[in-house]
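Notes to accompany the following structure.
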Amino acid sequence: MYNPKSLKAEEFIDHQEILDTLAYADANKDNVQLIDAILARAALRKGLSHREASVLLACEIPEKIEQLYALAEQIKKDFYGSRIVMFAPLYLSNYCVNGCVYCPYHAKNKHIARKKLSQEDIVREVTALQDMGHKRLALETGEDPVNCPIEYVLESIKTIYGIKHKNGAIRRVNVNIAATTVENYRKLKEAGIGTYILFQETYHKESYEKLHPTGPKHNYSYHTEAMDRAMEGGIDDVGLGVLFGLELYRYELAGLLMHAEHLEAVHGVGPHTISVPRIKHADDIDPSAFDNGIDDDTFAKITACIRVAVPYTGMIISTRESKAVRERLLHLGISQISGASRTSVGGYAEPEPEDERSEQFDVSDNRTLDEVVNWLMRMGYVPSFCTACYREGRTGDRFMSLCKSGQIQNCCQPNALMTLKEYLEDYASADTRAVGEALIQSELAHIPSEKVRAIVTERLAKIEQGQRDFRF
Ligand code: SF4
Ligand code: SF4
């Protein structure tokens, strides 16, 4: 029985409710009157239900899809301005006891190199990331209680926060590790993590069980209820995601939005971020072996639907996607991207030897961080290295209420400019620096408050003189 307030996975992600939603969407995909009403509701910027968003996703009327895209772009601008938050993944360990059929780290893969970073390795890797200019990391590990216990993850987080190289610092560590206990989530919270990220992979229980034939991840309920345990453990920023290509994308969108509605209904705060990865080629993984792959147009439509359905939720796209795809999706709702990523265990400080490769998947965007920053700025975006909210205690419902009232804008824009300025001073090439300086000057004019503008101007000058880490 569908119940968004239930703590049971099969009740808040109710299979029959998803089937009914898809039938409703099919029945109404040409219902122009209803589609117009849904678009009008989305324009109020208060979000949409999973049923409403599913109708938009099913609709194939070109004119309505164009309206959806225009609205997604406008909502993106209203909530995020031209800012794009930058981050990098850091793989700590690829030991894994699970059998996920789409991931080369599955336990039966005996030929991929298995690695785990020592604390000394972490210092080297993080120093290299700091030297590129990164301030925000997403930690990734496989699931292995022996080779990668929670104590190791906690120690690694402590190490990372402690590394200060030149003007570098990692100011926010987000964590993407396997579903775990309330007690472990509490420990992660105490270690000072930003967002806890866990991809659902697929919301379709039967497929989920087939795709995860062995290991603790096989347990659909334990995995799906992880965010509730994380929140019980005190983590109030959680990141959802599905791996598009595993199941029918329309099923996944409905499930994803039902999960967001569940978190809002139970905890009073929806997901902090949503990631939209697609299956990619990897060591022993062939994406064409999965029937439900989606093309770039469908991917764009999904992104736009998520953007209008949950306007306050950040959306993340990784270097799995090409420059061209990333460029298209930035318009439609993406607010965070990774740059210069390595999806191997190690590889930032020095490239992995050919015979010891450990990537989780192929990267389609191989540019340096400087190239990505330059590219973003030339398109008019402001790359932001801001991590202020978490450090100022603006998380969970406090963060969401600032988002919903629009007040967060008073922080984001100044913080973006100041952190970009730091980047330009410390890490950028001459060309990137020139483009960035001009951008900062033109963006300064968009800060509405004269007082804030004056403070930012003063702080920008102080950054030039060597001071760092200003924030609103
Ligand atoms: S997806 Fe995660 S849990 Fe599954 S095999 Fe890969 S690393 Fe292990
Ligand atoms: S001020 Fe907060 S919401 Fe805005 S970019 Fe910084 S961390 Fe994100």
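Can you work out ³J(HN,Hα) from phi for every residue in region 70-80, in order, using Karplus 6.51 cos²θ - 1.76 cosθ + 1.60 and θ = phi - 60°, giving whole Hz and x for Gly and Pro?
These are the phi-based 3J(HN,Hα) values: 5, 5, 4, 5, 5, 5, 4, 5, 5, 8, 10 Hz.
When a/c is below 1.5 the answer is rounded, else prolate if a/b is larger than b/c, else oblate, so apply that to region 408-464 with a ≥ b ≥ c taken from the square roots of the Cα gyration tensor eigenvalues. Present the calculation step by step, with values, prior to reporting the outcome.
Working: a/c = 2.01, a/b = 1.82, b/c = 1.11.
It is prolate, given that a/c is not under 1.5 and a/b is the larger ratio.
Hey, which of these cross-link pairs are over 27 Å Cα-Cα: K116/K164; K135/K187; K421/K451?
Over 27 Å Cα-Cα: none of the listed pairs.
Just checking the chain: which Cys have no other cysteine's beta-carbon under 4.7 Å?
Lone cysteines by the Cβ rule: C59, C96, C148, C305, C386, C389, C403, C411, C412.
Among H262, C389, T273, whose Cα sits farthest toward the positive end of the charge dipole of the chain (+1 at Cβ of Lys/Arg, -1 at Cβ of Asp/Glu, about the Cα centre)?
C389
Just grab the label-to-label distance for S449 and R357, each label 7 Å out from Cα along the Cβ direction, in nm (one decimal).
Result: 5.1 nm between the two label points.
Restricting to DSSP loop positions (anything but H, G, I, E, B) with no more than 15 other Cβ atoms inside 10 Å of their own Cβ, which GluC sites (Glu not before Pro) remain in region 226-331? Provide the component values of the computation, followed by the final result.
Values: sites: E232, E247, E252, E261, E264, E321, E327; in loops: E247, E321.
Taking region 226-331 and a limit of 15 other Cβ atoms within 10 Å, no loop GluC sites (Glu not before Pro) are found.
Would you order D355, D131, D30, D236 from fewest to most other beta-carbon atoms within 10 Å of each residue's own beta-carbon? Let's see the in-between values first.
Numbers: D355 6, D131 16, D30 13, D236 20.
Lowest count first: D355, D30, D131, D236.
Kindly put T202, T180 in sequence by how many other C-beta atoms sit within 10 Å of each C-beta, fewest to most. If you can, show how the numbers build up before the last one.
Details: T202 26, T180 22.
Lowest to highest Cβ neighbour count: T180, T202.
Write down the percent of antiparallel bridges among all DSSP beta bridges whose residues are both part of the chain, to the nearest 5.
On the way: 2 of 32 bridges.
Antiparallel bridges: around 5 percent, rounded to the nearest 5.
List the lysines whose Cα lies under 16 Å from the Cα of K46, skipping any in the same chain that are fewer than 8 positions away.
The reachable lysines, counting only those whose Cα sits under 16 Å from K46, are K76, K77, K404.
Would you list, by chain and number, the lysines whose Cα falls below 26 Å from the Cα of K110, excluding same-chain residues fewer than 8 positions away?
Straight-line reach from K110, under 26 Å: K210, K217, K280.
When 1/r is averaged over all different Cα pairs and the result inverted, which Kirkwood radius in Å belongs to the chain? All intermediate terms of the calculation are to be shown ahead of the outcome.
Values: mean 1/r = 0.0442 Å⁻¹.
Here the Kirkwood hydrodynamic radius works out to 22.6 Å.
Where a number appears in this text, it was derived from the coordinates with a stated rule and is not lab data. Quantities reported herein were computed from a predicted structural model and do not represent experimental measurements. Neighbour counts are summed over all protein chains in view; Cβ atoms, including those assigned to glycine, are modelled from backbone coordinates with ideal geometry.
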